[in-house]
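What follows is one structure encoded as structure tokens, with my remarks underneath.
The values are calculated or read from the model by the stated rules, or taken from the named source; none is laboratory data. Predicted model only: the values in this text are computed from it and were never measured. As a convention, Cβ positions derive from the backbone with ideal geometry for all residues, glycine included, and neighbour counts pool all protein chains shown.
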Amino acid sequence: MPTKARPTGSKKTPTWPLRERGLERWRLQLSSQEALAPLLAMALLTGILAGAVTVAFRLLSEIPAELFLTIPERYEGLPVQWRFGLPVLGALLLAAIYHLLNPSVRLVGVVHVVDRLHNHQANMPLANAVLQFFAGAIALVSGQSVGREGPAVHLGAASGSWLGRKLKLPNNSVRSLLACGVAAAIAASFNTPLAGVVFAMEVVMLEYSVVGFLPVILAAAIGSAITQLAFGSQPAFNVPSIQLSTLAELPVLVLCAVVIGTLAALFIRAQRHLVPMQRRAPLLRFLAVGLVTGTLGIWVPEILGAGYDTLELAMLGEIALGSLLVIVAAKLVATAFASGLGIPGGVIGPSLFLGACLGGIAGSLANLWLDEYTASPGFYAMVGMAAMMAALLDAPLAALLAILELTYNPNVLFPGMMMIVVACLVSRYFFASQGIFQETLRALDKSGTPSWRAQMLSRVGVASVMERRFVVSPQKVSRADAERLIQRHPLWVLVELSEEPAHQLLRAADLASFLQRVEEKRGEAPAQRGPQEDSSDEAAEPPVDLLKLPGERFALASLNWRSTLLEAQQELETSKADALYIARGHAGTLDNDAAGIILPADIDNFYRK
């Protein structure tokens, strides 16, 4: 256990992590990849926090609209001047808020979450989350063509990250809590816990593991429970349990999926061209969004807001074919402008909206061609939602489960699976599109797809791998103090340098060999020397200089104990150090600060197991 050399008889002060208790013990356990029990406890807290924040956001985005909407989401009942003026006024208000903020604070949404997870060790700035909370509500209330799930994902992720930072948990567990927050937020948005779990793992974390799934499942269940307490346990949409009438309709479904995959890919390409404009001043781009949305809202008010009322009508088959065609065209344009130019909302809701309308169009055409031998347009709308969400987000399993939970209709599974495969195939392989979030990150010159090696190293904290068998010593020590160091049976001696830029690491075996040679060279047997002579010789000996001993030495750099193995690897590469000493993060002398040693071989040995 790390201690600094002290004169004989001094009282040794225990240093971390000699006797961990309470939260300190949990922190160390959470550094391990297999720390399931404490992670489940943290997931429970994250689910409660993320669920509560998501419910609060939903209330903030719905209650103000009740002042001017007689029926929720029914912007069609507003006078013409308000259908135009409301989006414009909302855009100007958002522009004013964004103008007062630093550009780094303006980053919000799912893309921001993925970027912070993979490029910033899941550190979600609180200021961005506060902006997302209020700006997202303003966007929804003012009728912008966005959904509430994107802001909910950001708020849920920020809840998990904030909890991990507040409790000073290691970064690998903060990543897990971020995923728990995302799952709880999706579950709380639409009462879809299964879709929340898969969305968090499939879209955000980009990985599947048993240990990773269990905390996320728990958080999603808690988020769903909280939304049921607030809004009841009814499904988001009340639709009949209709089904496919005959297998003869499969070609129609395949053709519909091809169209959906093509439109999803074109939407993503439009995003890639518009997203770089987010670096410009917010006034012009937000005003452009407001004018486009308001103008379209005059003629097609169904596109205003999240449009969940129109979505439900499409699933019920109550919208005429001509109206569906106009709504799809207007919604595509309005959503592309709003999302591409940075309005703080999501695209998950609009993807469901577009999929339902496109499915409804296919169902209406099928009814015209095959008469009574086809399912209702509402059934086509349900499976169309799954296909569009899967192709746009590159999340086939999350889309399938979302539709199942939204409709409570198992009959959508078989045709939905087929349509998802076709739509994703068209979008991904014919148009080389990898999902809107990944493509947006590329348009912003950011990385959103880590390598398998980076994923593996990010799951483990350095505290679970570091070598603790070391002692800390100044550069020069007496031979007696050096012998006392060796008596502790360390593997390494960490040499503390007060003037050098980097501390040094020495193998304890090299120091032991040196002391043995010194003893052999003394030549005179202990029995031939008196006690006073022996004591005076020892006092006259020069101190042992640990930097001049024969042996290999390693230059050290410091790394906080909360870091992951990926951060350790990156620090070794950037600092050009030979090894790292893991610091507890407290000021003071090194023996109160150093907790362990990490060598490049420790990292290589971990991922090669």
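Do we find that residue 158 is within 10 Å of the chain's Cα centre (by Cα) and either surrounded by 24 or more Cβ atoms within 10 Å (Cβ to Cβ) or not assigned by TED's automatic domain parsing to the domain that holds residue 171 (or both) in this structure? So residue 158 passes the test. Annotation note: of 253, 291, 284, the sole residue that is under 30 Å from residue 375 (Cβ atoms) and not assigned by TED's automatic domain parsing to the domain that holds residue 146 is 253.
For residues that are surrounded by 21 or more Cβ atoms within 10 Å (Cβ to Cβ) and either over 11 Å from residue 161 (Cα atoms) or of a type in the set (A, V, I, L, M) (or both), scanning just the range 116-130, find the one that is nearest to the chain's Cα centre (by Cα). So, considering only residues that are surrounded by 21 or more Cβ atoms within 10 Å (Cβ to Cβ) and either over 11 Å from residue 161 (Cα atoms) or of a type in the set (A, V, I, L, M) (or both), the one nearest to the chain's Cα centre (by Cα) is 117. With respect to the conditions (1) closer than 30 Å to residue 582 by Cβ; (2) crowded, with 24+ Cβ neighbours inside 10 Å; (3) of a type in the set (Gly, Ala, Ser), residue 458 lacks only one, and its number is (2). Return the only residue of 259, 289 being at pLDDT 95 or above and under 31 Å from the mean Cα position of the chain (by Cα). Matching residue, one of 259, 289: 289.
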